[in-house]
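The block underneath contains the structure these notes are about, expressed in structure tokens.
The values are calculated or read from the model by the stated rules, or taken from the named source; none is laboratory data. Since we're looking at a predicted model, the values are computed, not measured. Methodologically, a virtual Cβ is constructed for each residue, glycine included, from the backbone with ideal geometry; neighbour enumeration extends over all protein chains shown. Ligands, DNA and RNA are stripped out before the accessible areas are found, and what is left, the full protein with its side chains, is counted by its heavy atoms. Shrake-Rupley method; radii C 1.70, N 1.55, O 1.52, S 1.80 Å.
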Amino acid sequence: MRVRLVFQVINRGGLLPFHHQRLLSDFIRTTIRGSLQPFSGSAFYNFSGLKGQSRVTREGLYYDSSKVSFVLSAGDPAFIDNFIQALFSYEQIYLGTLLLKPFQVIKEEVYFQYDTTKFVCLSPLIII
């Protein structure tokens with residue numbers, strides 16, 4: 001299952017470091033440990049970087065949009081459902097200097113092309 005998680009940016013103009021995936025990873029892990037006890041040791045998931053209207057500055061990525069999003073995917077739909085429920089229990093989320101509020105979840109349909117499919121990965125990926 002694959003979902004796009006959309007957040008309202010409360011403080012437009014917040015900064016994130018260039019390599020902010022670690023901040024997202026820590027946030028996801030904290031949410032799993034805090035609210036999703038059955039999944040804390042066995043959840044296999046993947047996520048994208050934070051997407052939104054941004055500008056590169058010397059300090060990092062300057063987000064000037066009113067909404068940002070990232071994609072979360074996992075093989076277990078129960079994990080995604082429980083994560084979404086835990087996510088919306090937060091009133092506000094600090095990510096770097098961005099102050100975010102959960103806003104919307106959009107389920108993305110996975111499209112497979114059976115003739116030839118090309119997968120592009122920006123960082124190393126190990127398949128177990």
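Odds and ends about this structure:
- Residue among SER73, SER25 that alone is touching a strand residue (DSSP E or B) at 6+ places or on another chain (Cβ under 8 Å) and either outside any helix (DSSP H, G or I) or open to solvent by 80 Å² or more (accessible area, probe 1.4 Å) (or both): SER73
- Among the conditions (1) modelled with pLDDT of 80 or more; (2) under 29 Å from LEU15 (Cβ atoms), ARG33 misses just one, which is (1).
- Number of positions in the stretch 36-61 that are under 17 Å from the mean Cα position of the chain (by Cα), part of a strand (DSSP E or B) and either over 19 Å from GLY75 (Cα atoms) or modelled with pLDDT under 85 (or both): 3
- Taking the stretch 95-128 as the range and being open to solvent by 100 Å² or more (accessible area, probe 1.4 Å) and modelled with pLDDT of 90 or more as the test, only LYS107 passes.
- Near pairs, Cβ below 6 angstrom, 6+ apart or cross-chain, from the stretch 81-103 (part of a loop (DSSP other than H, G, I, E, B)) to any residue that is of a type in the set (Lys, Arg): GLN92/LYS101
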